[in-house]
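Visitor: Next up is a structure, given as structure tokens.
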Amino acid sequence: MSTIKSMTGYAATSIESAAGLLEISIKAVNGRFCDVSMASNFDLGASELNCVKLVKESVKRGSVNVNIKLVHNKNSCFTLNKQNLHELLDALQQIATEVKEHQACTSITTSGNLDLLSLATMPGILSSAHQSGSESIEISKEIRADFDNSLIAGLSKAIEAFDQHRMAEGERLKEILLEKIALVSERLEVVKNNLDHLIAQERQRIKEKIEKLDIELDPERLENEVALQAQRADIAEEHDRLRSHLQSLLQILNSDESTAKEAYSPAGKRLDFMMQELVRESNTIASKASNLELTQTAVELKVIIEQMREQIQNIE
């Protein structure tokens, strides 16, 4: 399994359950830690902890939103709220009694009949599995166990598709980074070509400045000062360290893990650390650059490395 996964991804799936059709979607964006939020139009109950645990087995970093929706009930589209119905009938009986007592002394007349459809459409009497909004669909105790098993199975299926999407995006990010590494290597060739004569050029530049001042200096002291200044302009160590860091980046990007989940190791933090080192070395080269070619190359290095750093922020 590739060590490169994107922190961003999306997947959706559906599965039949004892209570009806479950639609499950997973969406993730960048995050420093693994943060999982669950949303559903029914009470997840004890299954919520199992769902979160299942997601975290696959996701190590990022903000993950899981949305689970029960969209229909294959056994019954409607649920009768018997308590509300009984309370409504009792209230209607009281109304009928009051009307009967006062009917003799008033001109009010009533048939005393109320059809079933009118009862059914009264608020709180029937609830539909097609309902939407803030109302929560109730899952009966009789089917809860089977329903929860279907929920976990559906979520596992969604996570598998979600992981495939993140790995595909990770491969795209990997290709971008490999291209950027090649560009950095090209710029380091320019630096390397300057290394052999860089110190000699710096020594000559300093001597020429001193000669223009037309002052007498002790030759030995002059040579020591020239050597010191030339050494400060030497960027051989920075060049070598940058080369070493690039090799480390390539090892991380090209390494393959076992397909077993426990063997997976997120690469994002390691890559981010290496980028800090690249930024540090490129800044030092820029500060030491003593000619126009090196100055321009250092600027290009910093731009490319910053582009790499931005891409790596998306890697788990």
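The values are calculated or read from the model by the stated rules, or taken from the named source; none is laboratory data. None of these values were measured; they are calculated from a predicted model. Because the Cβ atoms are built from the backbone with ideal geometry, glycine has one as well, and the counts that use them run over all protein chains shown. Quick note on the areas: whole protein, heavy atoms, side chains included, nothing else; ligands and nucleic acids left out. Shrake-Rupley method; radii C 1.70, N 1.55, O 1.52, S 1.80 Å.
Visitor: I'd like the residue in region 22-51 that is among the hydrophobic types (A, V, I, L, M, F, W, C) and surrounded by fewer than 17 Cβ atoms within 10 Å (Cβ to Cβ) and, out of all such residues, is farthest from ILE315 (Cα to Cα).
Guide: Top of the filtered list is ALA46.
Visitor: Another one. Might you check whether a residue that is at pLDDT 70 or above, of a type in the set (A, V, I, L, M) and surrounded by fewer than 12 Cβ atoms within 10 Å (Cβ to Cβ) occurs anywhere in region 99-109?
Guide: no
Visitor: The conditions are (1) over 29 Å from LYS174 (Cβ atoms); (2) out of contact with any Leu (no Cβ under 7 Å at 6 or more places or on another chain); (3) at pLDDT below 95, and GLU23 fails exactly one of them. Which is it?
Guide: (3)
Visitor: Let me ask something else. Search region 289-316 for residues that are closer than 19 Å to LEU253 by Cβ and free of Cβ contacts under 8 Å to residues at least 60 places away in the same chain and pair each with any residue that is open to solvent by less than 70 Å² (accessible area, probe 1.4 Å) and among the hydrophobic types (A, V, I, L, M, F, W, C) when their beta-carbon atoms are under 6 Å apart and the residues are at least 6 apart or on different chains.
Guide: Here the result reads ARG309/MET275, each pair linking region 289-316 to a residue that is open to solvent by less than 70 Å² (accessible area, probe 1.4 Å) and among the hydrophobic types (A, V, I, L, M, F, W, C).
Residue-by-condition table, conditions (1) in contact with a strand residue (DSSP E or B) (Cβ under 8 Å, 6 or more places away or on another chain); (2) over 30 Å from GLU316 (Cβ atoms):
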residue	(1), (2)
MET167	yes, no
LEU183	no, no
LEU188	no, no
VAL191	no, yes
ALA200	no, yes
ASP214	no, yes
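Visitor: Here's something else I'd like to know. Within region 123-174, take every residue that is surrounded by 12 or more Cβ atoms within 10 Å (Cβ to Cβ) and over 23 Å from ASN67 (Cβ atoms) and give me the one that is modelled with the lowest pLDDT.
Guide: LEU126
Visitor: Still on this structure, please answer the following. List every residue pair whose Cβ atoms lie under 7 Å apart, where the two residues are 6 or more positions apart in sequence or sit on different chains, the first residue falls within region 32-60 and is touching a residue at least 24 places away in the same chain (Cβ under 8 Å), and the second residue, located anywhere, is hydroxyl-bearing (Ser, Thr, Tyr) and surrounded by 15 or more Cβ atoms within 10 Å (Cβ to Cβ).
Guide: Matching pairs, first to second residue: ASP35/SER63; LEU54/SER156.
Visitor: Would you say GLN231 is part of a helix (DSSP H, G or I), over 21 Å from the mean Cα position of the chain (by Cα), modelled with pLDDT of 80 or more and surrounded by fewer than 14 Cβ atoms within 10 Å (Cβ to Cβ)?
Guide: no
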